[in-house]
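Visitor: After the structure tokens below, expect a handful of questions from me.
The values are calculated or read from the model by the stated rules, or taken from the named source; none is laboratory data. From a predicted model like this one, the values you see are computed outputs, not experimental measurements. Cβ coordinates were reconstructed from backbone atoms using ideal geometry, including for glycine residues, and neighbour counts include every protein chain displayed. Just so you know, the surface numbers come from the protein's heavy atoms only, side chains and all, with ligands and any DNA or RNA stripped out. Shrake-Rupley method; radii C 1.70, N 1.55, O 1.52, S 1.80 Å.
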Amino acid sequence: MAQDEPFKPGQTWTYRGATPISSRVIIGAVDNLEGEDQPVVSISVTDAPIPNDGKPLQTVPHLPIAANLLRESVVELEGTGTIPDGFGHGYGLWRQAYDSGKGGYFTISVEEIVGLLRSQLGQQPVAK
């Protein structure tokens, strides 16, 4: 069953509450960090319009999330593909912040993360 697959870079997953339904999660990195009781998975979310100075950002290049919340969020493993542009830069900034004690990770679902980004940046959720 796909739900039991270990997370690996390049995997493309469908997720609960994706708006629009074509939105996907792509795994960029999986980190077993000292002091954490579970891995932190760094993801990109594609086809999820987020406001960005008047021009919607279609892909959120980097979001770190607790593995258990990601596991609850994903539905089906569709395959593997290319990690989106911008992931490496975002991941590097996050790791630097995390390693210096100034960065964290999400402990809410992917749907909630996308909704939070939209609401904080002034856009109502897209109709399904």
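Visitor: Tell me, which strands (runs of 3 or more DSSP E) lie completely within the range 39-85 with 2 or more residues that are closer than 17 Å to PRO6 by Cβ and not small (Gly, Ala, Ser)?
Guide: Of the strands (runs of 3 or more DSSP E) lying wholly inside the range 39-85, those with at least 2 residues that are closer than 17 Å to PRO6 by Cβ and not small (Gly, Ala, Ser) span 40-46, 74-80.
Visitor: Now, a different point. So ARG16 clears everything in (1) open to solvent by 30 Å² or more (accessible area, probe 1.4 Å); (2) in contact with a Phe, Trp or Tyr (Cβ under 7 Å, 6 or more places away or on another chain) except one condition, right? Which one?
Guide: That leaves (2) as the condition not met.
Visitor: Is it fair to say VAL74 is in contact (Cβ under 8 Å) with a residue 40 or more places away in the chain and open to solvent by less than 40 Å² (accessible area, probe 1.4 Å)?
Guide: Here the answer is yes, as VAL74 does meet what is asked.
Visitor: Ok, one more. Mind checking whether some residue in the range 6-25 is at pLDDT below 95 and either farther than 23 Å from LEU121 by Cα or not in a loop (DSSP other than H, G, I, E, B) (or both)?
Guide: Yes, that holds for at least one residue.
Visitor: I need the full set of residues from the range 6-58 which are polar (S, T, N, Q) and touching a helix residue (DSSP H, G or I) at 6+ places or on another chain (Cβ under 8 Å), in order please.
Guide: So in the range 6-58, the residues polar (S, T, N, Q) come out as 11-12, 14, 19, 22-23, 32, 38, 42, 44, 46, 52, 58.
THR19, SER23, GLN38, SER42, SER44 - these are the residues of the range 6-58 that are polar (S, T, N, Q) and touching a helix residue (DSSP H, G or I) at 6+ places or on another chain (Cβ under 8 Å).
Visitor: Could you tell me whether the range 97-111 includes any residue that is in contact with a helix residue (DSSP H, G or I) (Cβ under 6 Å, 6 or more places away or on another chain), more than 25 Å from ASP4 (Cβ to Cβ) and part of a loop (DSSP other than H, G, I, E, B)?
Guide: Yes - at least one qualifying residue is present in the range 97-111.
Visitor: Among (1) surrounded by 12 or more Cβ atoms within 10 Å (Cβ to Cβ); (2) closer than 21 Å to GLY10 by Cβ; (3) touching a residue at least 40 places away in the same chain (Cβ under 8 Å), where does SER109 come up short?
Guide: (2)
Visitor: Which is open to solvent by 70 Å² or more (accessible area, probe 1.4 Å) and among the hydroxyl-bearing types (Ser, Thr, Tyr), of THR59, THR82?
Guide: Result of the check over THR59, THR82: THR82.
Visitor: Select from the range 86-96 the residues that are open to solvent by less than 70 Å² (accessible area, probe 1.4 Å) and in a helix (DSSP H, G or I) and list them in ascending order.
Guide: Of all residues in the range 86-96, those open to solvent by less than 70 Å² (accessible area, probe 1.4 Å) come to 86-88, 90-92, 94-95.
Of everything in the range 86-96, those that are open to solvent by less than 70 Å² (accessible area, probe 1.4 Å) and in a helix (DSSP H, G or I) turn out to be PHE87, GLY88, GLY90, TYR91, GLY92, TRP94, ARG95.
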